[in-house]
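Participant: Got a structure for you, questions after.
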Amino acid sequence: MGEKIDVKSLVKKRKKELKQQIDTLKIFGIKPKLAVILASDDEASKVYVANKRKMCEEVGIEQEEYILDKNTTTEDVVKLVEKLNNDKTVNGILVQLPLYKHLDMDEILDSISDKKDVDGFHPLTLGKLFIGEHETFISCTPKGIMTILDSIGTDYVGKHAVIVGRSRIVGKPISQLLLKRGATVTICHSKTPDISVFTKTADILVAAVGKAHIIKKDMIKPGAIVVDVGINRVDGKLQGDVDTEGALEVCSKITPVPGGVGLTTVLSLLENVVQAARMQSDTNKMI
Ligand code: NDP
């Protein structure tokens, strides 16, 4: 019988440590600050922005929000991003996705300075991650997954890691992080004829699909570590991509939904803001 990983306690401990680091930075005059741009009337995004604000307050990160209305153009958002790129008091810039449909997401994300790209979606940031450069931001969900896996002492070397999903924000970057640690990595996606052929051989299984309970217990290798990234609303309740109760009969460990990867995603954002503040102060004039 496997067990659910206690991500809540892990995040609580990490937030405490982060607050201490921030308190120390403030003694040296470094005040980490995040700018958040919300250009959408998506209700879930408003909740995510509010959660981020609360988490920033808890650890002592300053935050400013820009709520843009429906008449905002791509050019307006890019201008705002450029202003924030040049604002030395702002260390990190986050554009909450999804955007209003008429806005050009790529143009907006590409305008964020890679020195302030705390969400890690800029092509340059992703490129650096893929070539294994250290001084870069790791996008928040994959970074959080590694925090969880490291916290339980995961042995990566020579293990088979299978990722279901190949998105820019989860599947692709987590594949690179696992590869870097010495795992043999397989990525499955919607065109993979039978994902169970691969999932059944996974020592580490990451499900990032967005389809409730697509991973069932007979698709999991006995003793596997399972990371469930999916967040699906079914009959008003949140469900992961993995049938957790079934998976617990075969796996060794699994992240719960809710209360799993979502928590470390926000933690990673805070860590990236602190990293940005450190990088910008160490090199004095990075902007
Ligand atoms: P995307 O929709 O961008 O990507 C989904 C991926 O799943 C695609 O690569 C797609 O393949 C693949 N896929 C779809 N159907 C199947 C299938 N039947 N078999 C195999 N692969 C399939 O989603 P995201 O990566 O953005 O998010 C995935 C899930 O994770 C969502 O539920 C999302 O809400 C959640 N999420 C959770 C976060 C957290 O903090 N907990 C953060 C980010 C996301 P193809 O490329 O071929 O279309």
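The values are calculated or read from the model by the stated rules, or taken from the named source; none is laboratory data. Small disclaimer: the values here were computed from a predicted structure and weren't measured. Here Cβ is always computed from backbone atoms with ideal geometry, including for glycine, and neighbour counts include all displayed protein chains.
Participant: Determine, yes or no, whether Lys116 is in contact (Cβ under 8 Å) with a residue 60 or more places away in the chain and under 29 Å from Leu34 (Cα atoms).
Facilitator: Working: in contact (Cβ under 8 Å) with a residue 60 or more places away in the chain: yes; under 29 Å from Leu34 (Cα atoms): yes.
In short, yes.
Participant: Considering only segment 188-218, state which residues are surrounded by fewer than 18 Cβ atoms within 10 Å (Cβ to Cβ) and not hydroxyl-bearing (Ser, Thr, Tyr). Give the steps one after another, and end with the answer.
Facilitator: Of all residues in segment 188-218, those surrounded by fewer than 18 Cβ atoms within 10 Å (Cβ to Cβ) come to 189-194, 196-197, 200-201, 210-211, 216-218.
Answer for segment 188-218, where residues must be surrounded by fewer than 18 Cβ atoms within 10 Å (Cβ to Cβ) and not hydroxyl-bearing (Ser, Thr, Tyr): His189, Lys191, Pro193, Asp194, Val197, Lys200, Gly210, Lys211, Lys216, Lys217, Asp218.
Participant: Next question, about the same structure. I need the full set of residues from segment 45-64 which are polar (S, T, N, Q) and free of Cβ contacts under 8 Å to residues at least 60 places away in the same chain, in order please. So that I can check it myself, show each step before the final result.
Facilitator: Residues of segment 45-64 polar (S, T, N, Q): 45, 51, 63.
Selection gives Ser45, Gln63.
Participant: Looking only at segment 56-73, filter to residues that are surrounded by 17 or more Cβ atoms within 10 Å (Cβ to Cβ) and aliphatic (A, V, I, L, M); which one of those is farthest from Tyr100 (Cα to Cα)?
Facilitator: Val59
Participant: Specify which of the listed residues (Leu124, Leu80, Leu99) is within 23 Å of the chain's Cα centre (by Cα), among the aliphatic types (A, V, I, L, M) and under 23 Å from Gln280 (Cα atoms).
Facilitator: That would be Leu124, the only listed residue that is within 23 Å of the chain's Cα centre (by Cα), among the aliphatic types (A, V, I, L, M) and under 23 Å from Gln280 (Cα atoms).
Participant: Another question, if that's okay. Is there any pair linking a residue in segment 226-239 that is modelled with pLDDT of 95 or more to one that is assigned to a loop (DSSP other than H, G, I, E, B) and of a type in the set (Val, Ile, Thr), with Cβ under 6 Å and at least six apart or on different chains, and which?
Facilitator: Val227/Thr255; Asp228/Thr255; Asp228/Val257; Val229/Val170; Gly230/Val209
Participant: Only one residue in Thr265, Thr184, Thr201 is out of contact with any His (no Cβ under 7 Å at 6 or more places or on another chain) and in contact (Cβ under 8 Å) with a residue 24 or more places away in the chain, so which one is that?
Facilitator: Details: Thr184 fails: out of contact with any His (no Cβ under 7 Å at 6 or more places or on another chain); Thr201 fails: out of contact with any His (no Cβ under 7 Å at 6 or more places or on another chain).
Answer to the selection: Thr265.
Participant: Considering (1) of a type in the set (Val, Ile, Thr); (2) without any contact (Cβ under 8 Å) to a residue 24 or more places away in the chain; (3) not in a helix (DSSP H, G or I), say which one Thr125 fails and leave the rest.
Facilitator: The single condition Thr125 does not satisfy is (3).
Participant: Something else about it: For segment 137-169, which positions are over 14 Å from the mean Cα position of the chain (by Cα), outside any helix (DSSP H, G or I), surrounded by 15 or more Cβ atoms within 10 Å (Cβ to Cβ) and away from the ligand (no atom under 15 Å from the Cβ)?
Facilitator: Thr154, Tyr156, Lys159, His160, Ala161
Participant: Would you pick out the residues in segment 204-241 that are farther than 15 Å from Ile145 by Cβ and assigned to a loop (DSSP other than H, G, I, E, B)? Before you say what the answer is, go through the steps one by one.
Facilitator: To start, the set of residues in segment 204-241 that are farther than 15 Å from Ile145 by Cβ comprises 210-223, 232-239.
Correct list: Gly210, Lys211, Ala212, His213, Ile214, Lys216, Ile220, Lys221, Pro222, Gly223, Asp235, Gly236.
Participant: Of all residues in segment 128-150, which are in contact (Cβ under 8 Å) with a residue 24 or more places away in the chain, more than 21 Å from Thr186 (Cβ to Cβ) and touching a Lys or Arg at 6+ places or on another chain (Cβ under 9 Å)?
Facilitator: Those that are in contact (Cβ under 8 Å) with a residue 24 or more places away in the chain, more than 21 Å from Thr186 (Cβ to Cβ) and touching a Lys or Arg at 6+ places or on another chain (Cβ under 9 Å): Glu135, Phe137, Thr147.
Participant: Of the residues that sit in segment 170-198 and are within 15 Å of the ligand (Cβ to nearest atom) and among the aliphatic types (A, V, I, L, M), which one is farthest from Leu126 (Cα to Cα)? Outline the logic, then answer.
Facilitator: Start the filter on segment 170-198 by keeping residues that are within 15 Å of the ligand (Cβ to nearest atom), which leaves 170-177, 185-198.
When the remaining residues are screened for being among the aliphatic types (A, V, I, L, M), the result is 170, 174, 177, 185, 187, 195, 197.
Working: Val170: 11, Ile174: 11, Leu177: 11, Val185: 18, Ile187: 17, Ile195: 26, Val197: 29 Å.
Applying the filter and picking the extreme gives Val197.
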